[in-house]
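Since every read-out is calculated from the coordinates, none of them should be taken as a lab result. Owing to the predicted nature of the structure, the values given are computational and were not obtained by experimental measurement. Positions of Cβ are generated from backbone atoms using ideal geometry, with glycine treated the same way; all protein chains shown enter the neighbour counts.
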Amino acid sequence: MKAINIQRRRLMTSLALSALAAAPGASWAQTAAKALAPARGARIVVVGAGVGGATAAKYLKLFNKNLDVTLIDRNPNFIRHYGSSELITGAVTMEDLTVSYDALSDRYGVRVVRDTIVGLDADRRTVIGEKGRYAYDKLIVSPGIELLYEGIPGYSAELAATKIPSGWIAGPQTQLLADQLKAMPQGGTFCLVAPPNPYRCPPGPYERAALVTEWCAKHNPTAKIIVTDPKNNFVTDETMLLGWNRLYGFSIPADYKARLDKYASPARPDCRLEWVQEKQGGRPLAIDASAMTVTTEAGVIKADVINVIPPMRAANVALAMGLADKTGFCPIDRRTFESTIIPDVYVLGDASIADAMPKSGFSANTQAKTTARAIVEELAGREITEPVWSNTCYARARTTASSSPTSSASWTERSAAPTRAPATSTSRPSLPSRPLPPSTCTAG
Ligand SMILES: Cc1cc2nc3c(=O)[nH]c(=O)nc-3n(C[C@H](O)[C@H](O)[C@H](O)COP(=O)(O)OP(=O)(O)OC[C@H]3O[C@@H](n4cnc5c(N)ncnc54)[C@H](O)[C@@H]3O)c2cc1C
């Protein structure tokens with residue numbers, strides 16, 4: 001691939017709808033479908049019915065309704081991760097986050113199967129599930145991430161499920177965290193342990209911290225929110241830090257002052273939000289669940305609620321299939337997302353190594369459409385066209401009545417070019433009219 005053109009965008013409910021039900025972009029798909037010759041009966045199996053997998057299955061059928069598309073997931077429906085921090089602050093319910101697969105089967109003719117996939121027999125082109133085996137001509141794998149709970153001493157999957165939730169895969173842990181926040185004593189401490197790169201949703205931990213701070217301002221005004229971080233910066237950091245500053249009185253960190261001070265408001269002494277960067281000793285060293293402490297290089301943080309976002313890698317099934325390399329993620333050909341390890345297998349979304357593309361739903365959605373098209377073209381014996389990638393991110397610094405993002409950034413980047421274009425800003429309706437600086441972002 002010669003160049004990647006990327007824009008980052010925060011993706012809300014519309015993504016679920018575009019992937020799983022309605023079809024914004026359908027007119028594009030219909031036009032493309034007309035240009036593609038049919039490849040009758042080819043069997044495409046898709047493992048993982050999250051953002052990447054569900055989108056790929058839908059677009060395969062839109063491009064060629066004669067394809068035999070089987071979409072397999074271990075869960076009966078999809079609980080969307082994007083927007084799930086809003087469940088913690090009560091702005092949405094679990095029902096709001098839950099997306100059914102019905103439209104995929106009823107409207108698009110995708111065969112939806114519930115099974116847990118455990119392996120692959122690449123020689124026989126067969127996917128191995130706990131309940132059955134699935135033969136394919138082409139296989140798409142979009143299984144998301146595995147959270148490495150044991151990556152922080154003292155932390156574990158059991159603790160995450162019972163006492164110190166992560167919630168970075170949306171579901172029961174997200175609800176547990178919401179319940180813990182509500183039950184936190186007045187003046188308590190909420191500690192968010194941010195993850196190392198690379199991780200799913202680069203601006204997400206900081207958005208979560210902002211939303212919790214906003215919630216506490218109303219319900220627990222003397223509570224303290226501490227983000228302890230093994231990094232010194234993050235995607236959308238400049239706009240997010242300014243959002244924190246203007247909304248919560250956050251003090252701009254020393255290394256951002258030269259760039260941001262002219263846009264910032266004076267820090268407020270009653271600011272309850274603190275960000276401990278790696279250089280200040282923010283790297284987490286251990287969790288003690290009985291003492292409810294996080295030990296960092298800077299010292300020990302005693303907290304009432306601890307939210308750990310641990311290191312992560314591609315989901316276990318990607319490793320079981322032999323698709324990952326030593327990084328723990330899956331190398332792919334960026335033109336088609338075909339695995340560079342096993343032919344005729346395509347890896348999408350957070351599990352893939354997509355260079356500058358962040359691990360976002362927007363990326364997974366774009367990759368899925370491009371891969372679906374590449375597969376249909378190849379089956380039809382046509383040349384595969386050069387894709388153009390795009391992604392844009394919004395990260396909320398607060399929940400607004402109008403649902404407007406208060407911190408946003410988008411960027412373009414050419415992977416082959418050494419320079420990165422400054423971001424163009426999008427809407428920031430709730431911030432004062434002073435201009436914000438252009439943001440540059442790096443993919444997590
Ligand atoms: C708090 C939070 C906020 C976010 N906000 C945004 C946002 O605003 N915008 C944005 O673009 N992105 C956002 N993201 C990121 C986005 O949700 C992910 O990047 C996206 O879901 C990745 O898609 P995927 O297909 O790779 O994985 P997923 O969507 O996680 O799908 C993986 C699927 O594979 C299934 N699966 C896994 N293993 C197996 C197996 N062995 N057998 C069968 N099925 C299996 C899972 O059940 C799941 O359904 C956010 C993430 C979080 C955590």
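As a length-normalised measure over Cα pairs under 8 Å and 6 or more apart, the relative contact order of the stretch 86-168 settles at 11 percent. For the stretch 67-93, the residues whose backbone nitrogen is under 11 Å from a point 7 Å from the Cα of Lys131, taken along Cα to Cβ, are 72-76. Residues whose amide H falls under 5 Å from that of Leu71, counting only those 5 or more places apart or on a different chain, are Val46, Arg111, Val112, Val113, with hydrogens built in the peptide plane. Put a plus charge on the Cβ of each Lys and Arg, a minus charge on the Cβ of each Asp and Glu, and nothing anywhere else: the dipole of the stretch 50-200 about its Cα centre is then about 420 debye. Near the amide H of Leu120, within less than 5 Å, lie the amide hydrogens of Ile128, all on another chain or at least 5 residues away, with H placed in the peptide plane. Using a cut-off of 23 Å between Cα atoms, the listed pairs Lys257/Lys302; Lys58/Lys326; Lys231/Lys302; Lys182/Lys218 include Lys257/Lys302; Lys58/Lys326 as exceeding that distance. The magnitude of the dipole of the stretch 205-309, with charges of +1 and -1 set on the Cβ of Lys/Arg and Asp/Glu and taken from the Cα centre, is near 240 debye. In order along the stretch 310-319, phi translates into HN-Hα couplings of x, x, 9, 8, 4, 4, 3, 4, 5, 6 Hz, rounded to whole numbers, per the Karplus curve 6.51 cos²θ - 1.76 cosθ + 1.60 with θ = phi - 60° and x for Gly and Pro. With the simple model of a label 7 Å out from the Cα in the direction of the Cβ, Asp270 to Asn316 spans 4.9 nm. Given R0 = 35 Å, the distance between the Cβ atoms of Asn232 and Ser105 translates into a calculated FRET efficiency of 0.15.
Database remark: amide H of Arg396 closer than 5 angstrom to no amide H (H placed geometrically; neighbours at sequence offset of 5 or more, or on other chains; Pro and chain starts carry no H). A Förster radius of 35 Å combined with the Cβ-Cβ distance from Arg124 to Met94 puts the calculated FRET efficiency at roughly 0.30.
In the stretch 247-337, taking the dipole from charged Cβ atoms about the Cα centre, the farthest positive-side position among Pro284, Leu319, Asn307 is held by Leu319. Working from label points 7 Å from Cα in the Cα-to-Cβ sense, the Gln186 to Lys257 distance is 3.6 nm. The phi torsions of the stretch 348-359, fed into the Karplus equation with coefficients 6.51, -1.76 and 1.60 and a -60° offset, translate into couplings of 10, x, 4, 6, 8, 9, 10, 6, 6, 6, x, 7 Hz, rounded to whole numbers, with Gly and Pro shown as x.
Length gained on full extension, Asp355 to Asn66, computed as 0.36 nm times the residue gap minus the Cα-Cα distance: 100.7 nm.
Report, as a whole number in µm² per second, the diffusion coefficient that Stokes-Einstein gives for the stretch 114-199 at 37 °C and 0.692 mPa s using the Kirkwood radius over alpha carbon pairs. D, rounded to a whole number, is 203 µm²/s. The phi-based Karplus calculation (6.51 cos²θ - 1.76 cosθ + 1.60; θ = phi - 60°) puts the 3J(HN,Hα) values of the stretch 140-146 at 10, 10, 9, x, x, 10, 10 Hz, whole numbers, x for Gly and Pro.
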